[in-house]
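The values are calculated or read from the model by the stated rules, or taken from the named source; none is laboratory data. Note that the structure is predicted; figures quoted are calculated from it, not measured. Here the Cβ positions follow ideal geometry from the backbone for every residue, glycine too, while neighbour counts run over all protein chains shown.
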Amino acid sequence: MAHEPAPHPSSGISRRRLLGAAGVAAGGIAIGGVGVGVVQAVRHDGSSDARASEDDGPGPATVPFYGEHQAGIATAAQDRMLFAAFDIVAGDIEQVQTLLRQWTVAADRLSRGEPVADPAASDYAPPPDTGEATGLHPARLTLTFGVGPGLFEAADGSDRFGLAAKRPAPLVDLPTFPRQELDESRSGGDLCVQACGDDPQVLFHAIRNLTRIGRGVVVLRWSQEGFGRTSSTTSGQTTPRNLMGFKDGTNNIHAEQTDFDSIVWADAADDPAWMAGGSYLVARRIRIRIEVWDRSSLLDQETTIGRVRDSGAPLGQSNEFDAVDLDATGPDGTPVIGPDAHVRVASQQATGISILRRGYNFTDGVDQRTGQLDAGLFFISYQRDPRTQFIPLQTQLSASDALNEYIQHVGSAVFAILPGVQEGGSLGDSLFA
Ligand code: HEM
């Protein structure tokens, strides 16, 4: 069972209510990092309400920032994402440490639905909070922070902050996979923040204010907005669909699984011990050639994925959650799920590799060069070690996945996701200890 942080005592007040209820004792709906099961919703007027599940949660729910692991990983995947990657411009590591302390306080406040800071003493100063989330619910906001290879080693190979010896062995630069065409302006980064929640304006507000706090220390390198989660991460959630029209996440690992911890979290026995409780994130901006996909027959589409589009069932089966039978053959003796079908090449059963998929659909309008939609899947995976999980899996997929005809990886990044923070502590404590 993955770690489930305790509900935060003072979470869940909408920003409007917070302002309106000044001076009144207020409670709210809090959900754990896993977000399943019965939770108690305490309204701002003191009445209470038992809810069945917060997995497809309404606006007032909050996810605690503090815990053994950062929120936004085992948390039931919310509907929206805004991912931000930053470059460090400060020359001095103490400034980065200070920023991580400031981000910790800000992330806790934002996760509770509070403004990023208290109002300024004077109206002649710029307001500390930018204001666009005032009156909005917290919408299950989670903020998940990571550090990239550039924190430990500059592009020229130098030990820019004296942290080279602390670089986690699993935080490798990803190899160049066949067919990828990476845009450097949408790749890499020294720090990252994954903001997830159910309201895009709340996410924008969070990233905007974190960026503002970081002025002079970091600059935004790239960001990506995502909608429509492309995976379910708890068994309480229904399986969503990706932009190819297929259910995505059916065979994803779920937070309640007994082996979730060993698949996702770095352990004290791993190298380095300071990462215990953290994880490793791989992000890939994968463009889908939507126009080409839309011209292919349903049969082609289903053969490419290895599942039935509408029901989500594996080919040869009837229901979504029926087991994928890789040995089944048709009357002519050929495999029902072809040798290059996506679910065969990615199969955990066949490869022995599992990852947590937590990606989102994206669209960024029209590609002006081609006149085609710039849309696809912003793939995010969490794992304990990309060297034994994402990299071998993607090596196989890039070599023989039938899906390659329809997709192209155009952005890429890898980050060490810092261990969770206990109240009173700060992001990066174990790194700087
Ligand atoms: C645009 C790109 C992609 C699309 C549209 C896509 C879509 C899908 C779909 C529809 C399924 C079947 C339902 C499910 O079990 O979730 C699936 C399964 C899976 N995909 Fe992908 N996928 C993409 C890229 C990737 C990448 C880059 C990886 C990993 C490197 C990956 C790993 C997996 C895994 C592990 C499974 C489960 C296989 C199993 O054990 O049954 N996918 N994907």
Notebook entry, point to check: Just checking, which of ALA433, ALA399, ALA416 is touching a Leu at 6+ places or on another chain (Cβ under 9 Å) and of a type outside the set (Lys, Arg)?
Noted result: ALA416
Item checked: Residue check, GLY228 within 13 Å of the ligand (Cβ to nearest atom), modelled with pLDDT of 95 or more and of a type in the set (Gly, Ala, Ser) -> no
Item checked: The listed residue being within 30 Å of PRO128 (Cβ to Cβ) and out of contact with any Cys (no Cβ under 7 Å at 6 or more places or on another chain), out of SER297, SER223, SER232, SER279 -> SER223
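Table: residues versus (1) aliphatic (A, V, I, L, M); (2) surrounded by 15 or more Cβ atoms within 10 Å (Cβ to Cβ).
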residue: GLY316; (1), (2): no, yes
residue: ASN319; (1), (2): no, no
residue: ALA323; (1), (2): yes, no
residue: GLY330; (1), (2): no, no
residue: PRO339; (1), (2): no, no
Next item on the list: Mind listing just one residue for me: the one in the range 297-310 that is in a loop (DSSP other than H, G, I, E, B) and without any contact (Cβ under 8 Å) to a residue 12 or more places away in the chain and, of those, nearest to ASP332 (Cα to Cα)?
Entry: VAL308
Item checked: Of all residues in the range 389-430 being within 13 Å of the ligand (Cβ to nearest atom) and in a loop (DSSP other than H, G, I, E, B), the one that is nearest to the chain's Cα centre (by Cα) -> GLN389
Notebook entry, point to check: If you check ALA268, ALA255, which single one turns out to be away from the ligand (no atom under 14 Å from the Cβ) and either surrounded by fewer than 21 Cβ atoms within 10 Å (Cβ to Cβ) or within 30 Å of VAL89 (Cβ to Cβ) (or both)?
Noted result: ALA268
Item checked: Members of the range 339-358 that are near the ligand (Cβ under 8 Å from one of its atoms), closer than 21 Å to THR304 by Cβ and in a loop (DSSP other than H, G, I, E, B) -> ALA346, SER347, ILE353, ILE355
Checklist line | Selection count where residues are touching a residue at least 40 places away in the same chain (Cβ under 8 Å) and either on the phi > 0 side of the Ramachandran plot or over 25 Å from the mean Cα position of the chain (by Cα) (or both), scope the range 113-128 | finding: 1
